[in-house]
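A short worksheet on the structure shown next.
Every read-out reported here was derived from the displayed coordinates using simple, explicitly stated rules and does not represent laboratory data. Just so it is clear, the structure is predicted and the values come from calculations on it, not from any experiment. So basically every Cβ, Gly included, is an ideal-geometry build from the backbone, and we count neighbours across all protein chains shown.
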There are 2 protein chains.
Amino acid sequence: MPKIRICIIGSGNWGSAIAKIIGINVKKFEDKFEEEVMMYVYEEMIEGKKLTDIINETHENVKYLPGHKLSPNIIAVPDVVEAAKNADILIFVVPHQFVPGLCTALLGKIKSSAVSLSLIKGFTQENDTKLKLISKFIEEKLKIPCSVLMGANLSNEVASDYFCETTIGCKDKIMGAIMKDCIQTENFRVRVVEEIEAVEICGALKNIVACAAGFVDGLDLGDNTKAAVIRLGLMEIVNYVKLFYGKFNMSIFFESCGIADLITTCYGGRNRRVCEQFVKTGKTIKELEDELLNGQKLQGPLTAEEVYGMLKDSNSTAKFPLFATVHRICNKELKPNDLIEQIRNHPEYETNV
Amino acid sequence: MPKIRICIIGSGNWGSAIAKIIGINVKKFEDKFEEEVMMYVYEEMIEGKKLTDIINETHENVKYLPGHKLSPNIIAVPDVVEAAKNADILIFVVPHQFVPGLCTALLGKIKSSAVSLSLIKGFTQENDTKLKLISKFIEEKLKIPCSVLMGANLSNEVASDYFCETTIGCKDKIMGAIMKDCIQTENFRVRVVEEIEAVEICGALKNIVACAAGFVDGLDLGDNTKAAVIRLGLMEIVNYVKLFYGKFNMSIFFESCGIADLITTCYGGRNRRVCEQFVKTGKTIKELEDELLNGQKLQGPLTAEEVYGMLKDSNSTAKFPLFATVHRICNKELKPNDLIEQIRNHPEYETNV
């Protein structure tokens, strides 16, 4: 059987961490995978040198994952078509706004038998009102199946080989097992489930909840309030999946992509951190992005805005007071300490005795 | 209709916090509840004065909830029979080891139509091997129905009126609604469910998971690992309920008594804190209880020991590696950094592709 070729599209913090794992795993399963793994790197100049050259010479992504050596069989390639053309599995791990451009570049240039795996959290916006899952977008644009990987996976901790878990959503059992071999290590434990959409939605919506958790931290409301906000956020994620994607097995929310990722993001992630500062400093999200994230966009407020539009169009903002309030706080329509007032009579409290 | 009389049995930190709420609520619903609420207080001398006298004169439990005023209609009574004899609802909120003695004292001395509500987390041990839920114990000993209340409720935060939620498990819908009126405030939101056992088991077992979370914190393993440990702990709680109490609706674990309480306890509770110190200082649990808790018993290690015995008797320790390992670390049979090794091949990872 021909060996499976993998291409990693993206080389940021998370892309580089996953490349570190995959570089080792393809050698561990050398009968199954081609040793050389192409990694598409958006070319940048670092102190007069190309980032791809630095990675290929030093085996370290000095810009996005400094301090971690990649296996030498990870080959940095600045041309995405060159990187992807022979690949059997394309792993997408880029900021979500780059997906359309990359798909356009790749269309017709990849193997028709290829499959893809998206590690990207967030939605794409097809037009003003309709949100589309990244996996669906990739499937439609490239005409290949797209699975997803989501979990409680802060990149630096994964790169440092601390024990954690992740969830792969893949409809094909055989491909799911191959992806698991490619990704799982002694300290990075993988569970494969079939519900791609639910896995992906958890990954996108948790950032909104993390913003709410950040507001709670900024307001010093304590652990009980934070737990309540996280729980209500989870219930809104569940209800969002039900409303827009039909009923799902509730057990999916017990996976790493569900509660575990939500917890990590609400205690350790940057959406939480920036939103805490939002309360404490009174600055705008934009100002904080410039100050704290070198101008990178914060995912939570962006997703909250997109989701708010979708909820408004379907007349369902009242069913999702936490999501709606996060958006209205981020755009300064409401104050952070309006949060509790807005969720005090959450529909969750009306569904029982 | 005669007004409902409430008696609170217990006056510790949590008992006093709930008394603060109930004292106000009975006046709010004065057509439904008798204004005077008896609170059984285990008599102690505080600087030469009886604690009951202090509470009745200053309306403050200066020992267990200093800084918070109780409503004057909360009457401290040092004799449990005197406090409970006319009550329609008995609210038990004492350390679980005092329950048998109190039930013996109360048997035959209370109204036969009374019902009870237990806020007690933990099990009672009937004999060497069989654990019994506190609510079942109370029901059998006093021959009255017993509901439960559990949630993400650190006492001081509840007393300070920070927003949070709780879950009442009550089989009777009318009684559930009455209990909700008695307990719910604008900032203490109540959901009533019917699954008493599952609610109560969450409350007991979460402390074991919090010990594991404390070990992770002590070992500085980071947020991903902590989220994984909390998730695996939740799955063991779910599987414990299934194994010993039959199948339950998974939705119960999405209530405040489930994930929310688990999160709070794993980030803010004292089981976590003491177990972090256990790792960092190398002292025994007993030494830390003496040092940090004025000699009070820590719930988690105790529950872990009881559960370990029950799992051993049913030959199921292999299905509950996290619970078992917490016990074996607490009694120094294993080292804290054996935790990850013991859960790396958790049965959860074998149930999928």
Open item on the list: What translational diffusion coefficient, to the nearest whole µm²/s, does the range A:48-174 have by Stokes-Einstein, given a Kirkwood radius computed over alpha-carbon pairs, a temperature of 37 °C and 0.692 mPa s viscosity?
Closed with: 202
TODO: Enumerate the whole-percent occupancy of each 10 Å bin, from 0 to the last occupied one, for all C-alpha pair distances of the range A:194-332.
DONE: 13, 45, 33, 9, 0
TODO: Sum up the lysine pairs in the range B:94-244 that clear both bars: alpha-carbon distance under 16 Å and a spacing of 8 or more or different chains.
DONE: 15
Task: Kirkwood-Stokes translational diffusion coefficient of the range B:1-103, alpha-carbon pairs, 20 °C, 1.002 mPa s, µm²/s - done: 158
Open item on the list: What percent of all Cα-Cα pairs in the protein assembly as shown falls into each 20 Å bin, going from 0 up to the bin containing the maximum distance?
Closed with: 17, 48, 28, 7, 0
Task: Ranked B:Ser314, A:Ser116, criterion: other C-beta atoms within 10 Å, fewest first - done: B:Ser314, A:Ser116
- [ ] Please list the helices of chain B that count as membrane-span-like by this rule: a mean Kyte-Doolittle hydropathy of at least -0.5 together with Cα atoms stretching 18 Å or more along the helix axis, each helix being a complete DSSP H run.
- [x] B:13-28, B:196-218, B:222-245, B:299-313
Open item on the list: Two decimals, Cα atoms only, Kirkwood Rh: what is Rg/Rh over the range A:184-269?
Closed with: 1.01
- [ ] For the range B:269-353, would you read off the P(r) tail past 22 Å as a percentage of all alpha carbon pairs?
- [x] 30
Open item on the list: Just to confirm the numbers: A:Lys132, label point 7 angstrom along the Cα-Cβ line, distances to the other copies in nm, shortest first?
Closed with: 6.3
Task: Whole-angstrom Cα spans of chain A along principal axes, big to small - done: 60, 45, 39
TODO: Run through the other copies and list how far each one's label point is from that of B:Ile46, in nm with one decimal, shortest first; the point sits 7 Å from Cα along Cα-Cβ.
DONE: 6.2
Open item on the list: Give me log10 I(q)/I(0) at q = 0.16, 0.20 Å⁻¹ for the range A:217-267, Debye formula, one equal scatterer per alpha-carbon, no solvent.
Closed with: -0.51, -0.73
- [ ] Starting from one equal scatterer on each C-alpha and no solvent at all, send me the Debye-based log10 I(q)/I(0) for the range B:90-237 at q = 0.19 Å⁻¹, two decimals.
- [x] -1.21
Task: Calculated label separations, B:Lys63, copies of the chain, 7 Å along the beta-carbon direction, nm - done: 6.5
Task: the range B:236-303: mean projected area of Cα convex hull, nm² - done: 5.4
